[in-house]
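Please treat every number below as a calculation from the coordinates, not as lab data. Note that the coordinates shown come from a computational prediction; the quantities given were computed from them, not determined experimentally. Cβ atoms come from the backbone with ideal geometry, glycine included; neighbour counts cover every protein chain shown.
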Ligand SMILES: C[S@@+](CC[C@H](N)C(=O)[O-])C[C@H]1O[C@@H](n2cnc3c(N)ncnc32)[C@H](O)[C@@H]1O
């Protein structure tokens, strides 16, 4: 079966095209940015708070189609001044790094709110959630926030048989 990350990419694919503007809200080593670039999109914005991770991904993937910022995604509205077609958040911590440096409930909710503001009507956003120890509260807070929104449709994709494993929130902006 496909991983949640693969499923998130499949969900985003229909809104990716030559003029598409995309956001990788948790750049890490750039696998999601790699995916966006492989779809020949126009531009990818990326946000990452860890300097070493940021520098090495920028070195590897930086080009005329990328705009990377060493700043938290909770500031994205200060850095993006155009509507976007597709956004991905892959929450949690850098797999090869310090698990204490991880996304946090309040900044994650703030970032998701800003991302919804930036998203075009019919644009899509995928959230890969990790409801393990530290990610559990974050997952609850993000879901509670999404339930208050009236301009989106949201579907949840999860493994029925395994507790606390990654799951997906798939969002499309209706109006
Ligand atoms: C699960 S990893 C992302 C994996 C990434 N998408 C990839 O393909 O490698 C989560 C990343 O989010 C970063 N991060 C944590 N808090 C952040 C924040 N407030 N803004 C942006 N990035 C953050 C972490 O440093 C980590 O690199």
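Descriptive notes on the structure:
- Computed from label points 7 Å out along Cα-Cβ, the spacing between residue 132 and residue 42 is 3.8 nm.
- Full extension of the segment from residue 174 to residue 3, taken as 0.36 nm per residue of separation minus the current Cα-Cα distance, would add 58.9 nm.
- Shape of the stretch 4-173, Cα gyration tensor, a/c cut at 1.5: rounded
- Contact order relative to length of the chain, as percent, for alpha carbon pairs under 8 angstrom and 6 or more apart: 21
- Within the chain, helix-based [θ] at 222 nm, where runs of 4 or more DSSP H residues each add -39,500 (n - 2.57), nearest 500: -10000 deg cm²/dmol
- Peptide packing: for 149-159, 107-117, the average count of neighbouring Cβ atoms within 10 Å per residue gives the ranking 107-117, 149-159, highest mean first.
- Label-point gap, in nm, between residue 141 and residue 56 - each point 7 angstrom along Cα→Cβ: 2.8
- Stretching the chain fully between residue 163 and residue 101 yields a gain of 20.0 nm (0.36 nm per residue, less the alpha carbon separation).
- Share antiparallel - DSSP beta bridges, the chain, percent rounded to 5: 45
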